[in-house]
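> Mind looking over this structure? Questions follow.
The values are calculated or read from the model by the stated rules, or taken from the named source; none is laboratory data. On a predicted model such as this, the values are computed, not experimentally measured, just so you know. Please note: Cβ atoms are built from the backbone with ideal geometry, for glycine as well, and neighbour counts cover all protein chains shown.
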Protein chains: 2
Amino acid sequence: MTNQAAGAARAYLRIATEEAFAPPELISMWRDMIDHGTCDDPGFVSMVGFYTAARTERTRFVFERLQDLGDLRLADMDAAGIDRQIISLTAPGTQILDTADAVTMARLANDQLAEACRAHPDRFSGLTAIAPQDPGSAAAEIERGRRELGFHGVIINAHTHGEYLDDPKFWPIFEAAEALDTPIYLHPSTPSRNMIGPLLEAGLDGAIYGFAVDTGMHVLRIITAGVFDRFPSLRLVVGHLGEALPFWLYRLDYMHAATVRARRYATMKPIQRKPSEYLRENVWITSSGVAWAPAIMFCREVLGPDRVLYAMDYPYQYVPDEVTAHENLPLTVEEKADLFQRNAQRVFCL
Amino acid sequence: MTNQAAGAARAYLRIATEEAFAPPELISMWRDMIDHGTCDDPGFVSMVGFYTAARTERTRFVFERLQDLGDLRLADMDAAGIDRQIISLTAPGTQILDTADAVTMARLANDQLAEACRAHPDRFSGLTAIAPQDPGSAAAEIERGRRELGFHGVIINAHTHGEYLDDPKFWPIFEAAEALDTPIYLHPSTPSRNMIGPLLEAGLDGAIYGFAVDTGMHVLRIITAGVFDRFPSLRLVVGHLGEALPFWLYRLDYMHAATVRARRYATMKPIQRKPSEYLRENVWITSSGVAWAPAIMFCREVLGPDRVLYAMDYPYQYVPDEVTAHENLPLTVEEKADLFQRNAQRVFCL
């Protein structure tokens, strides 16, 4: 099967759900922070420092495509056979900035993305960028994104200055997302300052391992803090096949129950359901970066076939052969229609 | 099927491969360190502080059994249908002590365990405890354990004062294990000081998640540093179904190649094989703590049926029903003989 773009030639559309962009103004701000040493977050310095300093074919490829919301992106989509991208602000987004810049930059990113979605309504959908640094403003931006800009969810790029969303000060964000019936995509970034040490010294802080560690923990913090008890209709989308949490369902349930029973931590109180139940009922996962049949099939088995969505991770992992790998999964046409199209339509209300 | 102990009633023995003990002298030393505040490792203070302070039924159960190498342990094994335990010093073992105490305590632990193995040669096998703080002495103790005490491998409980085994200063340990054809079991403990922060504040530093994060990273550090290129016959055993690394085989290979190609880190140089190849060829995994068919079957599929061993994690997870869960796996008798008996006999040269 070739990766032709026209969904009409298939029984389903291919919707890629974790696809990145960045406004030139944000890239420029990041560059300034690196050049002037005004940000001391070790993960930011490592990751963005590398991407802005290294002038390799690879970094040029990524930077050029991150900033494109037109012909270049559409040509890549056509070549890989992607009918629609759900586009979101790339990590670390606004979350490394001070509050005022973050609020400004989130609005700017949303305005640019909304314009591109209006220009290509049959190819692009968008998620709302926010500045979690100002939860009230973030909630208002979620509403603007949903009601005025036509976006289909919210993007949050990991921790914000080392703080995680289980902190109740961030809960106006969850409240707005639930009230507007719009999901939150929790995307990785480099681990926070108090976790990155031994990962960074070994070169393991990035997508090879550190991203999953930080984001997996983040999801567990959200679950164990009772966020889904408070916001039972909230939908969370997590990439990279759920950052391996599906592999841990049994152990999470066993150890969570044991830890709560032992009253060992003030931060781990009883919650209404098992961790695995929140992971099956409030969380959806995408296959970004993991075009590998055994893991995809495992996740479909343990979470349910309606829980796993296709993603490419454009432009970071622009590998058209991985589309073919998804097409070659041992699934019926109907099951592939769920994976590539319908699950995304349901979760993001496309 | 009941969990009767007599292997004769089955076609295979049940050998449990990650079973813990602790000398009373070590427990006492840990208590003193907690009581006098002479150890400031946050993971040790959290975990051992909890176990020594909480006088619950659960902590009494664990402490009593950790220190027993006789009737109590044998009765539990009989009740759960375990024919043989491979016993090792529990985490954090000696690795939280100063060097002199660690060397002394490793020898003491080995002498106690060897005596128990001599008393019950048909029920107990042992692994050699070491003090990685003194790699030369550790290598000598590995030789004593193998040649004089009749042990079948080496136990290392995670990092040592925040240092990991990819540091070449520890490589005499690998050299001795390879030369003596004896495997190293890399067991988790709480993450090191520079990684534990946001895990600890959320109560996620222990077996629920932090153990896997630290140990998974540790294995990756060993692989990416080229340890298996230098010691190609070295065998590593990892619990908890490989700390989720089997789930990541595809992404590890993809991202390792990309990272090496980018020359982003001085610590991540080219190695001879893909990470997944080391994980399939130099690493064996046990099912400690994860008595869950989907994950066990997944690991057998992606690593190979000869790579997955049974373990209980006694006394921490003494759950006889989990033996039944293993018996109920969709495997033939021959395949269960590999899981419960033969793979362990091969890896540990029993």
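> Mind listing just one residue for me: the one in segment A:320-343 that is in contact with an Asp or Glu (Cβ under 9 Å, 6 or more places away or on another chain) and in contact (Cβ under 8 Å) with a residue 60 or more places away in the chain and, of those, nearest to A:ASP76 (Cα to Cα)?
Restricting to residues being in contact with an Asp or Glu (Cβ under 9 Å, 6 or more places away or on another chain) and in contact (Cβ under 8 Å) with a residue 60 or more places away in the chain, the top hit is A:PRO320.
> Of all residues in segment A:278-324, count the ones that are of a type in the set (A, V, I, L, M, F, W, C), crowded, with 17+ Cβ neighbours inside 10 Å and over 26 Å from B:TRP292 (Cα atoms).
Going through segment A:278-324 one residue at a time, the tally reaches 3.
> May I ask you to say which residue of A:MET217, A:MET195 is crowded, with 23+ Cβ neighbours inside 10 Å, under 17 Å from the mean Cα position of the chain (by Cα) and modelled with pLDDT of 95 or more?
Checking each option against the conditions leaves just A:MET217.
> Can you tell me which residue among B:GLU301, B:GLU281, B:GLU335 is more than 10 Å from chain A (Cβ to nearest Cβ) and in contact with a Phe, Trp or Tyr (Cβ under 9 Å, 6 or more places away or on another chain)?
Step by step, each of B:GLU301, B:GLU281, B:GLU335 is checked, and only B:GLU281 is more than 10 Å from chain A (Cβ to nearest Cβ) and in contact with a Phe, Trp or Tyr (Cβ under 9 Å, 6 or more places away or on another chain).
> While we're looking at this one, here's another question. Looking at segment B:17-35, which of its residues are touching a residue at least 12 places away in the same chain (Cβ under 8 Å), of a type outside the set (D, E, K, R) and farther than 27 Å from B:LEU236 by Cβ?
Once the filter is applied, which keeps residues that are touching a residue at least 12 places away in the same chain (Cβ under 8 Å), of a type outside the set (D, E, K, R) and farther than 27 Å from B:LEU236 by Cβ, segment B:17-35 yields B:PRO24, B:ILE27, B:MET29, B:MET33, B:ILE34.
> Would you check which residues across segment A:262-278 are more than 17 Å from A:PHE231 (Cβ to Cβ) and either more than 7 Å from chain B (Cβ to nearest Cβ) or modelled with pLDDT of 95 or more (or both) and list them?
A:ARG263, A:ALA266, A:PRO270, A:LYS274, A:SER276
> Right, next: Can you spot a residue in segment B:113-126 that is crowded, with 17+ Cβ neighbours inside 10 Å and of a type in the set (D, E, K, R)?
yes
> Please enumerate the residues belonging to segment A:36-60 that are touching a helix residue (DSSP H, G or I) at 6+ places or on another chain (Cβ under 8 Å) and touching a residue at least 12 places away in the same chain (Cβ under 8 Å).
If the condition is that a residue be touching a helix residue (DSSP H, G or I) at 6+ places or on another chain (Cβ under 8 Å) and touching a residue at least 12 places away in the same chain (Cβ under 8 Å), then A:CYS39, A:PRO42, A:GLY43, A:PHE44, A:SER46, A:VAL48, A:GLY49, A:TYR51, A:THR52, A:ALA53 are the ones that fit.
> B:GLU163 versus (1) surrounded by fewer than 24 Cβ atoms within 10 Å (Cβ to Cβ); (2) within 25 Å of B:LEU74 (Cβ to Cβ): which is the lone unmet condition?
If we test B:GLU163 against (1) surrounded by fewer than 24 Cβ atoms within 10 Å (Cβ to Cβ); (2) within 25 Å of B:LEU74 (Cβ to Cβ), just (2) comes out false.
> Could you say whether any residue in segment B:224-237 is of a type in the set (Lys, Arg), surrounded by 17 or more Cβ atoms within 10 Å (Cβ to Cβ) and touching a residue at least 60 places away in the same chain (Cβ under 8 Å)?
yes
> Let me ask you something else. Yes or no: B:TYR254 modelled with pLDDT under 95, crowded, with 17+ Cβ neighbours inside 10 Å and either under 22 Å from A:MET47 (Cβ atoms) or of a type outside the set (A, V, I, L, M) (or both)?
Spelling it out, it is not the case that B:TYR254 is modelled with pLDDT under 95, crowded, with 17+ Cβ neighbours inside 10 Å and either under 22 Å from A:MET47 (Cβ atoms) or of a type outside the set (A, V, I, L, M) (or both).
> Of all residues in segment B:272-281, count the ones that are in contact with a His (Cβ under 8 Å, 6 or more places away or on another chain) and part of a loop (DSSP other than H, G, I, E, B).
The total comes to 1.
> Go through (1) at pLDDT below 95; (2) on the phi < 0 side of the Ramachandran plot; (3) not β-branched (Val, Ile, Thr) for B:GLY37 and report which single condition fails.
B:GLY37 satisfies all of (1) at pLDDT below 95; (2) on the phi < 0 side of the Ramachandran plot; (3) not β-branched (Val, Ile, Thr) except (2).
> Taking the stated definitions as given, is A:ALA344 surrounded by 15 or more Cβ atoms within 10 Å (Cβ to Cβ), at the interface with chain B (Cβ under 9 Å from one of its Cβ atoms) and in a helix (DSSP H, G or I)?
Considered against the rule, which asks whether it is surrounded by 15 or more Cβ atoms within 10 Å (Cβ to Cβ), at the interface with chain B (Cβ under 9 Å from one of its Cβ atoms) and in a helix (DSSP H, G or I), A:ALA344 comes out as no.
> Kindly check whether there is at least one residue in segment A:203-211 that is buried (at least 22 other Cβ atoms within 10 Å of the Cβ), of a type outside the set (Asp, Glu) and over 15 Å from A:THR190 (Cβ atoms).
No, every residue in segment A:203-211 fails to be buried (at least 22 other Cβ atoms within 10 Å of the Cβ), of a type outside the set (Asp, Glu) and over 15 Å from A:THR190 (Cβ atoms).
> Residues of segment A:255-271 being in contact (Cβ under 8 Å) with a residue 40 or more places away in the chain and under 26 Å from the mean Cα position of the chain (by Cα), which ones?
Once the filter is applied, which keeps residues that are in contact (Cβ under 8 Å) with a residue 40 or more places away in the chain and under 26 Å from the mean Cα position of the chain (by Cα), segment A:255-271 yields A:THR267, A:MET268, A:ILE271.
> Are any residues in segment A:129-148 assigned to a helix (DSSP H, G or I), aliphatic (A, V, I, L, M) and closer than 13 Å to A:LEU165 by Cα, and if so, which ones?
The answer is A:ALA138, and nothing else.
> Any chance segment A:186-195 includes a residue that's more than 30 Å from A:LEU350 (Cβ to Cβ) and either without any contact (Cβ under 8 Å) to a residue 12 or more places away in the chain or in contact with a strand residue (DSSP E or B) (Cβ under 9 Å, 6 or more places away or on another chain) (or both)?
Scanning segment A:186-195 turns up at least one residue that is more than 30 Å from A:LEU350 (Cβ to Cβ) and either without any contact (Cβ under 8 Å) to a residue 12 or more places away in the chain or in contact with a strand residue (DSSP E or B) (Cβ under 9 Å, 6 or more places away or on another chain) (or both).
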